[in-house]
Every structure is written in structure tokens, then in C-alpha cells.
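Let me begin by presenting the structure, written as C-alpha cells, before commenting on it.
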Amino acid sequence: MSSDKITIEYNDTVVRYFLIATMVWGLIGMGVGVLIATQLAFWQANMETSWLTFSRLRPLHTNAVIFAFVGNMMFAGIYHSTQRLVRARLASNFLTWLHFWGWQGIIVAAAITLPLGLSRSKEYAELIWPIGIVVALIWIVFAINFFWTLARRHERSLYVAIWFYIATIVTVPVLYIVNNLQIPTSLLHAYPIFGGVQDALIQWWYGHNAVAFFLTTPILGIMYYYLPKAADRPVYSYRLSIVHFWSLVFIYIWAGPHHLLYTGLPNWLQSLGMLFSVMLWAPSWGGMLNGLLTLRGAWHKVRTDPVLKFFVAGVTFYGMATFEGPLLSIKTINALSHYTDWTIGHVHSAALGWNGFMTAGMFYWLAPRLWGTRLYSVALANWHFWLGLMGILFYTAAMWVSGITQGLMLNATSDGGASLAYPSFVETLESIMPMYYLRIVGGGLYLVGFFLMSYNLWKTIRSGEQVNGVTEVPARQAEENEYDLSLGGTFANAPVMYSFGLMILVCGWIFGNDAVVFLSLVLLVVLFVGALIHFQTRGHLWGNWYERLQANSLPFTILTLIAILVGGVVQIVPMVTMNRAEAVEGVRQIPYTPLELVGRDIYVREGCYNCHSQSIRPFQGEVLRYGEYSKLGDFIYDYPFQWGSKRTGPDLHRQGGKYPDIWHFQHMKDARSTSPGSNMPNYPWLYTRETDFGVLPSRIRAMRTLGVPYPENLVEESPAKARDQAREIAEGLRDAGADADASTEIIALIAYLQKLGASENLNETDE
Amino acid sequence: MLSRVVYDNFQLLFPMIAFVLIAGGFLFFLFKAIFMRKKKADRLSSLPFDEKEKSRPKKSKTDE
């Protein structure tokens, strides 16, 4: 080692661990996916076992694929590429391993709790509050380790991949923490602090941006590092990559409400979500083209190199999925697609094509380098590619056909809109059943391909030995550099202050009343002229603010954080500051009785929201099929909201009173006895498990804290009142010939189902 | 029948002002990215390529 150089050995061991964890959890997560796809086609595959039932396993599948499969892959890619891009070893071995084992512990905890029905029912955020806290803590460990590594770097400039990683690292905890704000009622249960439409907005602000900042931005960072490496040429346009980054950071966070079109969410928010989603077309396709054009002059390699093959297909799927996403967020198209399998097909083209194929490309490139050997079999990798590609095409094509078919059938009316063309929901289900079989084939092919990759990588690993990357870098210089930028200097400097002032005055000019408009216009001219004069005389001292910003991770991170926060705040603040007792559109929900509340918690535990929505859209077909369309006031006491996102079964919002108790009693025991042709699982355990009335006082107390108008004495009296109501329902069921026991969970669930849609009409009251 | 809730003025104004501010910031970054000097763009795009990197067998427990 020369005197002015030091040798760095990268920590590649943890990358190897994350790689292996990705493969293990990927097999499990996708295996569960094929199982639940089978359950949708063959209800018998639920095996009448609570922890093997579709509604409990579907959250396990989504969480395993997102957080276990893509999460571990992302950490492998970030740790491997960041060390090389900043020429520094990971800052702390302790934090690195705490991160790795902490994350695996979270996954194991999720794999145990979700099948047991310990769920918050918020999609991709189902984990109960103690695990949620650990997720946040481990993410902070990851963030400290990452930024500490950046602080020790030997490369001053931050490559664009690092920007994408920073956006991920700062945004995910913001989303996760806000969506996990809740009041615990026990170690395993809590109620979210937001309810009804507010909870829905928070959830899909989180849900959409989990897709953006967990499944997209880190993988884009990985694309910008590994694709040039695999193609052996720099990214096509570095400028375009920066435009890509800032566009996503500024736009993505606003688009969440497109998940709630035609619901009780205010119209301006729905339009906001739609418009920002459509805007995402441009940067997403810019990014895709930048990736594909990186292969200029190297396309011949794609024919023989499986790494590039996977990258090209992965980036193409990124383009296809990011075309389809905004398309589905356009209200007229969403009217057809929402709640159908079209959305499922869209999600899987992104997850399997973008995330899955980018993982494959990265690992086929990475594994031989991490174990100092050659890939065991290129032929097997090619087989993996074609099986996976066929699997995705079968899957997505089946879901498109299924979604459009069911969407059209469910909305179709006859007699000039007076009646439904297909009044039976099951009729629509039977017509799409062939597509469900095809989905199993598609998912199965993809899983076989993934298994081949696991085998190929395992043989590769066995044929080599663990090697770490080593490089020489110049020793760090202690003296100040012209590119240093303090935190204060980031904001308290002339160009930033002038820009901010000018934009505030522009707002006053555009949005103010007469006096404010005039004043703003005058001040705008004065400030603009002042800024020009200042720049002419002392502009040389303003000095490269933007260039310095790019080379300083802390100011850059804070600005990125501000950019994503603004997009969230503009949606959330107006919604949470509105008076929910007044903004009810003429109806106000009647609070649940204690028995109905505990029944609702059983509904949440069983994951009914996975197949049944509770939000009727203002369409003729839906009103005819399900009843009066849903309004804001219908949900003000719903903690958490249960709108769902997919209708494998019918909407339940106006289910209350539609059928007698005995119908529900028989339906939950054997859905086909009341609905021939249904694919709903049976829930026999609800008839033997006893309702836990003892939890009620703490839950009623939490509800009172959240603003539900329960009288204080109900806290202690709730178990007795719940038992009384259960006895009444059970007696009625026995009269109808059922063998009903008042202490069992089915009675509480029936009480809840019969309450659905019960609201008082304030307009009639006023009159 | 299908009317939705109308917000107070500040609730309409809030997202609009935020949008102008964020759009201003975005356009600034866009401008700076588009007009980045070629020399600098070329240097930054070459960062993933470190010709000096070598591999060596992992020593037992040294990086644990």
C-alpha cells in the first residue's frame, strides 16, 4: 500500500446472506401465491383449516413477496452497489448484522402471526403493532448504517443510484409510521387512530407509495448500477436519469388516491390522484428507455447473456406496468377495472416481470462474483427466463380477460337500466373460472422457473468460495473542500431564499384576493429585480449550490424528504382537519353495539376484506346490485376501514338486513348451501370457538378515545350487553332450526354483518 | 344525488399553493439536470466502473 492510499475490503458477506435469504423467502412467498391461486379455483384447497384459508394466507403471500423477497433482494443490491459507488466498506458490522437478522426475525414473526389471524387488515401493512415497531426500528438501523457509510465515503459525488436509495430510505419509514399510528388495546390488537375515509386515504397513500418507494425506486437504483455493469457501458443518459429521479420523487407521492376512485373520498382528491398518476407516464417511460438504450451497441449480447436477457425483459415490464398503472387510474377505465382481476394482473406483471426479473438478472450477475466462480449453467438460466416469461404472460393475460369480463358483467344492465343483466354474482364468477385455472398454470410456470434459478445459484455457490471485493482508494483528506455544504447553508443562502420568496409571491398573485394580488405582484417585481442586481454584483459568491447539494448527502436527503412530505401533507392535512361529524353527505353511521364491534374484529381477523369490498360506487349497476351508494358519513366509526380492493365475492356495505340470520349461519358453514357455485371457503371454526367478551372494555375504551360516542358506563357493561344480544340472535337461530350457541364467534359475526350499512339519514331528521 | 363535500377555502387553497411550490422546485431541478455539463455527466455516469477492484477469498470472521 502506498502512503497516500488505503485498501478497502468490502463487506460482501452480508450481501451473500441477503441473496440466500431472498431465494428462500421468494420460494415460500411464491409457493403460497400458487396455493392461494389454487384455492380461488378449487375452494376445497382451503382444507377447512383456519390458518390455511385464503383470506389469511393472501396477506402472507403479499407480505412475503414484498418485504421478504423484494426486501432482501433490495438490501443485497443496495449494500453491494453502495460500497462500490462510494468506495467505502459498510460503516458498522454490528448494525449490518442487526439489520440482517432483525429483518429475518420480522419475516418469521409475520409468517407466524398472519396465518393465525393476527392482522390489522390494512393491505401490505397487516402486521400487528409490536412487529410494526420492530420494522420501524430495524429500518432506522438500516438508515444509520447507510448514511454512516456515505459519511465515510472516498468518492465525493453521489451516483444517481444512491439518490434512489436515499429516497427509499427516507420515504418508507414516513409512510410506515403514519399508517401505523394506532391505539393498542392489548399486546396483539390495536385500533388505527384514523377511521373511515381518513383511514382509507392514509392506507392508500401508504399502499401506493409502498409500491413506489419499496418496489420501484430501490430497484431503479439497482437498474442504474447493474445494467451498465452487465452491458459494460455507462448509462445512456445521465441527465435523463436525474430527470427520472426528481420526477418520481416529486410526482409519485401525490398519486395514492387513485386507489379510491368513486368512493366516499372527496372528488378533488380523486382528481388529484388521477392527474398525478397520468403524469407518471413520462418519467417512467423516460427511465425505461434510458435503461434499454444503455444497451446501445450491446444488443447482440442479449442473445447469449441471461443477465442482460432478464434485465431487458425486467425493464420492459417496468415500462408496461407503468403504462398500465396510470391507465387504470383514469376514472372511466377505473370504473371498469377496479375491484376486478385486471388490477391483480397489473400488479403481477410488475411484481413478476419488473421485481422478479430484475432480481434474477442481478443475482445471475452477482453470485459468480460473490463466490469467485462461473455461473453453474447458462442453459438453466435460459430455461428459467422462458418459463418465467411464459408464466407471466399466461398469468397477466388470464387476469386481463377475467377482469374485463367480470367488470363488464357486473355493471351490465338491461331494460334501459332498470335491472341487472347478470343478477347473480356467482354467474360472473363461473364465467371467469377458466381464467383462474390458467392463472394457476402461469403462476406454476413462474415458480418452476424460480426453482431452477435457486438450484442454479446453489450449484454455483457450491462450486466456488466466498470472495470479497477489494480496492485501493486515496486516503481521505481532512481539509475543507469547495463542495462542502452545511445543513444551514443548504437553505440559508441567496438563491434558495430568492426562489422561495418568489414562489410564495407567485402563490399570492395567483390565489389571493384583490389586495393580496396587487401587493404580491408589486413585491414580485421588486424581489425579482433585487435578485437580478444581487446576482450581477455578488453572484459569484452564490457558488454552485446545486452541484454542492449533489455531493452532500445530508442536505440532499432533507430536500428529498421535504419533496415527498409536501405531496403527502397536501392530501392528509385537509382530510384530517375536516370535521367528520359534519362532512357526512346527509348520513351518519350508527355506532356498533359491543357484540357488533367484537364481530367486526372477527371479520378483520379472518381477512374478509381480501374478497369483499364495503364501498358501493355511484353506478347504476352497483346500486341495483348492492344498494344505495356509499357516502362519507357511512364510515365515520369504522376503525379500521374495510373497503377492500377486490371483489372475489360481492360488496357487503349494504348487507345488513338483506338476508335473515339463518342465511348467514348456513353460508359461513357451507357457502354453497346458500350460494351454489361460490368459491368461498367454509369457516367451521367460527362455530366452535368462543367469543372473547373479556376484550370488550379495553376496546370500547379505545373507541371512546377515538371519538365514538359510547357512554362511559358502556366500558364496564359491554361484556354483559354483548352476551344479551348474542343470546337473542342465538334464540332466533334456534327458532329457525339451527344448532346455535350464543357464546360462539359466528353469532358475533352475524351481528356485525346484519349491522352493515346502518346509518341515520340526517336530511330526514332535519325535516 | 351524487354531489360530494365542498371544502372550506383553505382546504382548496392548501394543495394549490403546495403544488406551485413543489412545481417550482421541480422545474429548477429539471433545468439543472437538462443543462448539466457533458464533462460532468460523463464523469458521473462512469462511477459504477472501478477498474481497480479485485477479489480475494474471505478470511474467516474478519468481516463479521
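The values are calculated or read from the model by the stated rules, or taken from the named source; none is laboratory data. No experiment lies behind these values; they were computed from the predicted model shown. Heads up, the Cβs are rebuilt from the backbone with ideal geometry, glycines too, and the neighbour counts pull from every protein chain shown.
Restricting to segment A:420-478, and then to whatever is touching a Lys or Arg at 6+ places or on another chain (Cβ under 7 Å) and among the β-branched types (Val, Ile, Thr), can you tell me which residue is surrounded by the most Cβ atoms within 10 Å (Cβ to Cβ)?
A:THR471
Enumerate the helices (runs of 4 or more DSSP H) found wholly within segment A:585-681, keeping only those where 1 or more residues are more than 28 Å from A:MET435 (Cβ to Cβ) and of a type in the set (S, T, N, Q).
Working: elements: A:594-606, A:620-626, A:661-669, A:671-674.
It comes to A:661-669.
So B:LYS39 ticks every box in (1) surrounded by 11 or more Cβ atoms within 10 Å (Cβ to Cβ); (2) at pLDDT 75 or above; (3) more than 7 Å from chain A (Cβ to nearest Cβ) but one. Which box is left unticked?
B:LYS39 satisfies every listed condition except (1).
So for segment A:150-157 (the condition being surrounded by fewer than 19 Cβ atoms within 10 Å (Cβ to Cβ), of a type in the set (S, T, N, Q) and more than 14 Å from chain B (Cβ to nearest Cβ)), does at least one residue qualify? Break it down into steps so the answer makes sense when it comes.
The initial filter retains those residues of segment A:150-157 that are surrounded by fewer than 19 Cβ atoms within 10 Å (Cβ to Cβ), namely A:151-152, A:154-157.
Narrowing further to those that are of a type in the set (S, T, N, Q): A:157.
With more than 14 Å from chain B (Cβ to nearest Cβ) added as a condition, the list becomes none.
Within segment A:150-157, none of the residues are surrounded by fewer than 19 Cβ atoms within 10 Å (Cβ to Cβ), of a type in the set (S, T, N, Q) and more than 14 Å from chain B (Cβ to nearest Cβ).
Would a scan of segment A:372-391 turn up a residue that is surrounded by fewer than 24 Cβ atoms within 10 Å (Cβ to Cβ), part of a helix (DSSP H, G or I) and within 14 Å of another protein chain (Cβ to nearest Cβ)?
No, that holds for no residue.
Take segment A:695-730 and flag every residue that is within 32 Å of the chain's Cα centre (by Cα) and under 26 Å from A:VAL576 (Cβ atoms). Steps first, please.
Within segment A:695-730, the first condition is being within 32 Å of the chain's Cα centre (by Cα), and the residues that meet it are A:695-696, A:698-708.
Result: A:SER698, A:ARG699, A:ILE700, A:ARG701, A:ALA702, A:MET703, A:ARG704, A:THR705, A:LEU706, A:GLY707, A:VAL708.
Cβ-Cβ under 7 Å, sequence separation 6+ or interchain: first residue in segment A:284-298 and closer than 12 Å to A:PRO234 by Cβ, partner in a helix (DSSP H, G or I) and among the hydroxyl-bearing types (Ser, Thr, Tyr). Which pairs?
A:ASN290/A:SER241
Scanning for something assigned to a helix (DSSP H, G or I), more than 11 Å from every other protein chain (Cβ to nearest Cβ), aliphatic (A, V, I, L, M) and surrounded by fewer than 17 Cβ atoms within 10 Å (Cβ to Cβ), does segment A:4-16 turn up at least one residue? Outline the logic, then answer.
So in segment A:4-16, the residues assigned to a helix (DSSP H, G or I) come out as A:13-16.
Cutting the leftovers down to more than 11 Å from every other protein chain (Cβ to nearest Cβ) gives us none.
No, that holds for no residue.
Looking at A:PHE147, A:PHE194, which one is closer than 24 Å to A:ILE78 by Cα and in contact with a helix residue (DSSP H, G or I) (Cβ under 8 Å, 6 or more places away or on another chain)?
On the way: A:PHE194 fails: closer than 24 Å to A:ILE78 by Cα.
One residue alone meets the criteria, A:PHE147.
Given (1) over 23 Å from A:PHE363 (Cα atoms); (2) touching a residue at least 60 places away in the same chain (Cβ under 8 Å); (3) in a helix (DSSP H, G or I), where does A:LEU227 come up short, assuming only one miss?
(1)
Filter segment A:559-601 for residues that are out of contact with any Lys or Arg (no Cβ under 9 Å at 6 or more places or on another chain), more than 14 Å from chain B (Cβ to nearest Cβ) and surrounded by 19 or more Cβ atoms within 10 Å (Cβ to Cβ) and give the result.
Residues of segment A:559-601 that are out of contact with any Lys or Arg (no Cβ under 9 Å at 6 or more places or on another chain), as a first pass: A:559-580, A:582-583, A:588-589, A:591.
Still in the running and more than 14 Å from chain B (Cβ to nearest Cβ): A:589, A:591.
Passing the criteria: only A:GLN589.
Looking at A:ILE202, A:ILE166, A:ILE177, A:ILE162, which one is in contact (Cβ under 8 Å) with a residue 40 or more places away in the chain, touching a strand residue (DSSP E or B) at 6+ places or on another chain (Cβ under 9 Å), assigned to a helix (DSSP H, G or I) and not polar (S, T, N, Q)? Outline the logic, then answer.
Numbers: A:ILE166 fails: touching a strand residue (DSSP E or B) at 6+ places or on another chain (Cβ under 9 Å); A:ILE177 fails: touching a strand residue (DSSP E or B) at 6+ places or on another chain (Cβ under 9 Å); A:ILE162 fails: touching a strand residue (DSSP E or B) at 6+ places or on another chain (Cβ under 9 Å).
Just one listed residue meets the conditions, A:ILE202.
Considering only residues that are touching a strand residue (DSSP E or B) at 6+ places or on another chain (Cβ under 8 Å) and not aliphatic (A, V, I, L, M), which ones fall in segment A:629-643?
Once the filter is applied, which keeps residues that are touching a strand residue (DSSP E or B) at 6+ places or on another chain (Cβ under 8 Å) and not aliphatic (A, V, I, L, M), segment A:629-643 yields A:LYS631, A:GLY633, A:ASP634, A:PHE635, A:TYR637, A:ASP638, A:TYR639, A:PRO640.
Residues checked against (1) over 30 Å from A:LEU429 (Cβ atoms); (2) touching a Ser or Thr at 6+ places or on another chain (Cβ under 7 Å); (3) touching a residue at least 40 places away in the same chain (Cβ under 8 Å); (4) part of a loop (DSSP other than H, G, I, E, B):
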site: A:TRP25; (1), (2), (3), (4): yes, no, yes, no
site: A:THR62; (1), (2), (3), (4): no, no, yes, no
site: A:VAL65; (1), (2), (3), (4): no, no, yes, no
site: A:ARG89; (1), (2), (3), (4): yes, no, yes, yes
site: A:THR96; (1), (2), (3), (4): yes, no, yes, no
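Just to be sure before I move on: is A:LEU289 of a type in the set (A, V, I, L, M) and either in a helix (DSSP H, G or I) or within 11 Å of another protein chain (Cβ to nearest Cβ) (or both) in the structure I sent? Please lay out each step first, then the result.
Details: of a type in the set (A, V, I, L, M): yes; either in a helix (DSSP H, G or I) or within 11 Å of another protein chain (Cβ to nearest Cβ) (or both): yes.
Yes; evaluated as a whole, the condition is true for this residue.
State which residue is surrounded by the most Cβ atoms within 10 Å (Cβ to Cβ) when the search covers only segment A:542-558 and only residues that are more than 8 Å from chain B (Cβ to nearest Cβ) and aromatic (Phe, Trp, Tyr).
A:PHE556
Could you figure out which of (1) more than 34 Å from the chain's Cα centre (by Cα); (2) of a type in the set (A, V, I, L, M); (3) under 25 Å from A:GLN614 (Cα atoms) isn't true of A:LEU733?
With respect to (1) more than 34 Å from the chain's Cα centre (by Cα); (2) of a type in the set (A, V, I, L, M); (3) under 25 Å from A:GLN614 (Cα atoms), A:LEU733 is out only on (3).
In segment B:42-64, what residues are more than 7 Å from chain A (Cβ to nearest Cβ) and at pLDDT 85 or above?
Initial filter on segment B:42-64 (more than 7 Å from chain A (Cβ to nearest Cβ)): B:42-43, B:49, B:51, B:59-62.
Within segment B:42-64, B:ASP42, B:ARG43, B:PHE49 qualify.
Residues to consider are A:ARG84, A:ARG58; find the one that is within 11 Å of another protein chain (Cβ to nearest Cβ) and assigned to a helix (DSSP H, G or I).
Details: A:ARG58 fails: within 11 Å of another protein chain (Cβ to nearest Cβ).
Just a single option satisfies the conditions, and that option is A:ARG84.
What do you reckon, is A:PHE363 buried (at least 20 other Cβ atoms within 10 Å of the Cβ) and in contact with a Gly (Cβ under 9 Å, 6 or more places away or on another chain)? Step through it out loud before you land on a result.
Numbers: buried (at least 20 other Cβ atoms within 10 Å of the Cβ): yes; in contact with a Gly (Cβ under 9 Å, 6 or more places away or on another chain): no.
Judged against the criteria, A:PHE363 is not a match.
For the structure I just gave you, tell me whether A:GLY469 is in contact with a Pro (Cβ under 8 Å, 6 or more places away or on another chain) and within 30 Å of A:THR82 (Cα to Cα).
Working: in contact with a Pro (Cβ under 8 Å, 6 or more places away or on another chain): no; within 30 Å of A:THR82 (Cα to Cα): yes.
Answer is no for this residue.
Quick one: count up the residues across segment A:315-372 that are of a type in the set (Asp, Glu) and more than 17 Å from A:MET274 (Cβ to Cβ).
First, pick out the residues of segment A:315-372 that are of a type in the set (Asp, Glu): A:324, A:341.
In the following step, the residues that additionally are more than 17 Å from A:MET274 (Cβ to Cβ) were identified as A:341.
So the answer is 1.
Please go through segment A:683-709 and pick out each residue that is surrounded by 19 or more Cβ atoms within 10 Å (Cβ to Cβ) and either aromatic (Phe, Trp, Tyr) or free of Cβ contacts under 8 Å to residues at least 12 places away in the same chain (or both).
Those that are surrounded by 19 or more Cβ atoms within 10 Å (Cβ to Cβ) and either aromatic (Phe, Trp, Tyr) or free of Cβ contacts under 8 Å to residues at least 12 places away in the same chain (or both): A:TYR683, A:PHE693.
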